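Written out below as structure tokens is the structure these notes cover.
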Amino acid sequence: TAEIQAISTTNLATLTTAEIAALTTAQAQALGATGVGALGSDQLRALSTQDVAALTTAEVAAISTDNISLLTTAQVKA
């Protein structure tokens, strides 16, 4: 998780959806609000429902209004 926290927001934006989907829940939590806010819409949709469920209130609040509307029903229910 320390490696995830060390990734700059610029570099987070370049991760592929496959790389995002491969994150463990602990790694997704390590993104923090700044990291989650830097993710694009496709990257957010690539998070597992478990990853989304593990996000803190601050991390969810960091998701832009445009991107939050793109989460899947399963992710939102999580």
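Of the listed requirements (1) assigned to a helix (DSSP H, G or I); (2) touching a residue at least 12 places away in the same chain (Cβ under 8 Å); (3) farther than 16 Å from Val76 by Cα, Ala58 misses just one: (3). Cβ separations smaller than 8 Å between residues 6+ apart or across chains give the following pairs from segment 65-78 residues that are over 19 Å from Ala38 (Cα atoms) to residues that are hydroxyl-bearing (Ser, Thr, Tyr) and part of a helix (DSSP H, G or I): Ala74/Thr49; Lys77/Thr49; Ala78/Thr49.
Does Leu15 satisfy the criteria of being in contact with a Leu (Cβ under 7 Å, 6 or more places away or on another chain) and of a type in the set (A, V, I, L, M)? Criteria not met by Leu15.
Checking each residue in segment 57-75 for being surrounded by 13 or more Cβ atoms within 10 Å (Cβ to Cβ) and over 21 Å from Asn11 (Cβ atoms) picks out Val60, Ile68, Leu70, Leu71, Thr72, Gln75. Could you list all residues from segment 2-32 that are closer than 14 Å to Leu55 by Cα, more than 10 Å from the chain's Cα centre (by Cα) and not in a helix (DSSP H, G or I)? Listed by number, the list holds a single entry, Thr24.
A short reminder: the numbers here are calculations on the coordinates, not readings from a lab. Everything quoted here is computed from the prediction, not taken from an experiment. Positions of Cβ are backbone-derived with ideal geometry, glycine not excepted, and every protein chain shown enters the neighbour counts.
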